[in-house]
2 protein chains.
Amino acid sequence: MRTVKLALFGLGTVGSGVVKILQSHKEDFRRHVGVDVELVACTSRVRDEAVNLGIADMFTTAEAIFDNPEIDIVIELIGGTGFAREVVERSLRSGKHVVTANKALMASCGGELLALAAERNVNLAFEASVGGGIPIISPMKHSLISNEISAVLGIVNGTTNYMLTKMDQEGLTYDDALEDARRKGFAEADPSADVDGYDAAAKIAILASIAFNTRVTIDDVIPEGIRSITPADLVNAREMGYAIKLLAIARRTEDGIDIRVHPTMLPLSHPLASVNGVYNAIYVIGDSVGETMFFGEGAGSGPAASAVVGDVLEVARLINAGVGPIVGCTCTDSLPIRPMSELVTKYYIRLSVIDQPGVLAATSAVFGNHGVSIYSMIQRGSFAGSADLIYVTHRANEANMMAALKEIAKLDTVNEVAAIIRLED
Amino acid sequence: MRTVKLALFGLGTVGSGVVKILQSHKEDFRRHVGVDVELVACTSRVRDEAVNLGIADMFTTAEAIFDNPEIDIVIELIGGTGFAREVVERSLRSGKHVVTANKALMASCGGELLALAAERNVNLAFEASVGGGIPIISPMKHSLISNEISAVLGIVNGTTNYMLTKMDQEGLTYDDALEDARRKGFAEADPSADVDGYDAAAKIAILASIAFNTRVTIDDVIPEGIRSITPADLVNAREMGYAIKLLAIARRTEDGIDIRVHPTMLPLSHPLASVNGVYNAIYVIGDSVGETMFFGEGAGSGPAASAVVGDVLEVARLINAGVGPIVGCTCTDSLPIRPMSELVTKYYIRLSVIDQPGVLAATSAVFGNHGVSIYSMIQRGSFAGSADLIYVTHRANEANMMAALKEIAKLDTVNEVAAIIRLED
């Protein structure tokens, strides 16, 4: 059994978790997996964490890692698309296998990086880039390959799911939920990547690429976040039998890939509706397998490190077997992205209006003029001359809906279009 | 790309599903997976189904398949441990890879068969033996290998889960629920394998073997089924905040593997509690990944065939790569099975008693004498001189509990110990 040598870039939350697993389970991996993996080098912005982890002797420079021909696998846990990209590219070019947790990188230039890995006959593994510790990329690239996948729906951002759960279960406002998430370490100082949907957009781009065998990048997804959701929306939804989740959706349609990230009302009976807190879940529909769901912790040191080390061991198995990559890039088709304007779905619309006669007639007329048919309307919370009109529509075209809302927003009696939440059922 | 040739034993529900996938997706597999698989031979008890599927020209004898050196992969979908075992053994001996959905076979002699496969340097894949189409064996043998798994809890029998769901949601009796399941094709004429827990026992033996890296066979599991569960138990459970599920449980403990199959009360907030109908789900807890769950259709033609063909394609990939098995048997430890008598858990006990003064005191005294501490007691359904006493206990030792119940059953005022349901929380 030859020793497979590892180098680690990045000693943050996930990196520390990786080091701890490698330290505590080395002997288990020899016995159960039949591989001997050894961390021989690490680097990071600061040396402190290497000292804390007892691996100060391995701390070195990036250049020393690139130049070391003995290193078999580079683990990239820097994040982002700057230096991390250079690390991945230089490692692959020098014939090293790469394991990464970098969703931004894989969602923006995964195609190029996988092509480079194939050219050099090395593995580029990225299970940890989506869903933390949940096995999802491997099942889609292996167990489920006999299926034509028709849809992937995911709760893939733990921060926003935690906030929405708090708002739903405890009536917290968006601001209070964000503050609570920050205190617990679930939200960053600048929460934009999470609350505005960019993190989820990167993840669904990666999942869609694998599910539909076609390259989808983060630029193909226009995310909507949860900033406009209020506790009242969650109460209204629940009364109607729905939960509100920030859903990442990718569907195969006859007109191309339908891909989006936005707050979504899901029937309470849907398996995703009861996925709460920082948990993630990915729901996959295949033509043979039917409906499947993969659930677990979507973030945090342990879960993400579990996926990273899983990838490392898998690559080490292949190295031991003396074989090159078995599965590389699976984007063998080239399907178009269907424009969001072509979406047809049901909508929950909350309008903040001036509470006076004629407002309902005026707003309803605009919907009618744009071919948007109303399923139900309720009025809520008249206060200080303002009220909320809450419409639920039948299936309507997105372009028509947006045109209607643009016109409604201009009405003198309308304060604002306060919430747009699409329904899945 | 060389053509990988397949032979299929068994043209029942799953076999037909496999043929249909291979027929409809052959070109997809070439393009997306990079393998060319071709069914060249099949056999079954009767030829009719081969005619229906348009593959009558491939219908042949078992001997012809064993003797055909061109066949790369044998798919065994006969079931049981008789001829199926011969098929698997002879195929492996002649150097053919084997894909099987046979839980009984893998749970009874999986160790021997995997050893034989290793000896001949061929793959023996069995994803479809547990959880229908749900990827669970592959994730445990690949993505989750960086974890020490502490527990696997599964709803792995769709028939009983369908029946319990009907009893819970519609108040059906056990007999009516069974009749309903039969009408829908979810239960067989002789339902014993399902309702008495043998099917679930085989599946948890397979999962435990992989999770804990130690061989567990179906003989290590003493299953309890759902025959004694009544709609009243389900109502009582729900009032207490629990769902009743036929749970297959395997836990790593300091005293060995705790493995069992029995009706179990699960908190309604547990992810498994809302898995209803014929759906299956397997809940896996690892030291790094934390809590994960894999959900999907646990039976039926499409889902099981999805897993079978997934295994076929995976083996074909390895054949294409010119490499032997990467992962074989993972039972590298030899852990003892902890006797059921050493279990410590909470219990829900329903006693049917004669409704007269002193019964409660008499039964409670017996529990006390055996060191079983009571958490709550309610009396229900006094009718024709009989009543139900429903006890919920604090954590108690199984041996003590069984001794107490044996004594209670002998009391003149006790008709029977009507239900024993263990609690998980």
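Tabulated results
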quantity	calculated
Candidate set from segment A:308-325 (those that are within 7 Å of another protein chain (Cβ to nearest Cβ) and under 21 Å from the mean Cα position of the chain (by Cα)); member that is nearest to residue B:272 (Cα to Cα)	A:310
Unique residue being in contact (Cβ under 8 Å) with a residue 12 or more places away in the chain and either part of a strand (DSSP E or B) or in the same structural domain as residue A:124 (by TED's automatic domain parsing) (or both) when the list is A:237, A:243	A:243
Test: residue in segment A:174-194 that is in contact (Cβ under 8 Å) with a residue 12 or more places away in the chain, of a type outside the set (D, E, K, R) and either under 21 Å from residue A:271 (Cα atoms) or within 14 Å of chain B (Cβ to nearest Cβ) (or both)	no
Selection count where residues are in contact (Cβ under 8 Å) with a residue 40 or more places away in the chain and not in a helix (DSSP H, G or I), scope segment A:295-325	8
Output for segment A:27-60, where each listed residue is in a helix (DSSP H, G or I) and closer than 21 Å to residue A:13 by Cβ	A:48, A:49, A:50, A:51, A:52, A:56, A:58
Filtered residues of segment A:284-296 (kept if crowded, with 24+ Cβ neighbours inside 10 Å and more than 7 Å from chain B (Cβ to nearest Cβ))	A:284
Residue list for segment B:326-366, restricted to those being touching a strand residue (DSSP E or B) at 6+ places or on another chain (Cβ under 9 Å), within 14 Å of chain A (Cβ to nearest Cβ) and not charged (D, E, K, R)	B:328, B:329, B:331, B:332, B:334, B:335
Every residue from segment A:328-345 that is of a type in the set (D, E, K, R) and within 30 Å of residue B:318 (Cα to Cα)	A:333
Index of the failed condition, residue A:122 passing every other in (1) crowded, with 24+ Cβ neighbours inside 10 Å; (2) more than 22 Å from residue A:100 (Cβ to Cβ); (3) away from chain B (no Cβ under 14 Å)	(2)
Positions within segment A:141-166 being in contact with a strand residue (DSSP E or B) (Cβ under 7 Å, 6 or more places away or on another chain), more than 8 Å from chain B (Cβ to nearest Cβ) and closer than 25 Å to residue B:31 by Cβ, in sequence order	A:149, A:150, A:151, A:152
So residue B:171, is it over 15 Å from residue B:157 (Cβ atoms) and touching a residue at least 24 places away in the same chain (Cβ under 8 Å)	yes
Unique residue being touching a helix residue (DSSP H, G or I) at 6+ places or on another chain (Cβ under 8 Å) and either farther than 20 Å from residue A:276 by Cβ or more than 13 Å from chain A (Cβ to nearest Cβ) (or both) when the list is B:299, B:237, B:281, B:243	B:299
Test for residue B:201: is it closer than 27 Å to residue A:30 by Cα and either within 14 Å of chain A (Cβ to nearest Cβ) or surrounded by 22 or more Cβ atoms within 10 Å (Cβ to Cβ) (or both)	no
Among (1) in contact (Cβ under 8 Å) with a residue 40 or more places away in the chain; (2) among the small types (Gly, Ala, Ser); (3) under 30 Å from residue B:23 (Cβ atoms); (4) surrounded by 19 or more Cβ atoms within 10 Å (Cβ to Cβ), the one test that residue A:143 misses	(1)
Answer from A:382, A:376 - the residue that is out of contact with any Asp or Glu (no Cβ under 9 Å at 6 or more places or on another chain) and either crowded, with 16+ Cβ neighbours inside 10 Å or more than 14 Å from chain B (Cβ to nearest Cβ) (or both)	A:376
Of the criteria (1) outside any helix (DSSP H, G or I); (2) touching a Cys at 6+ places or on another chain (Cβ under 7 Å), which one residue B:185 fails	(2)
One residue from A:117, A:101, A:64, A:84 being within 14 Å of another protein chain (Cβ to nearest Cβ) and either touching a Phe, Trp or Tyr at 6+ places or on another chain (Cβ under 8 Å) or hydrophobic (A, V, I, L, M, F, W, C) (or both)	A:101
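The values are calculated or read from the model by the stated rules, or taken from the named source; none is laboratory data. The shown structure was predicted, so the numbers you read here are calculated from the model rather than taken from an experiment. All Cβ positions, glycine included, derive from the backbone under ideal geometry; neighbour counts span all protein chains shown.
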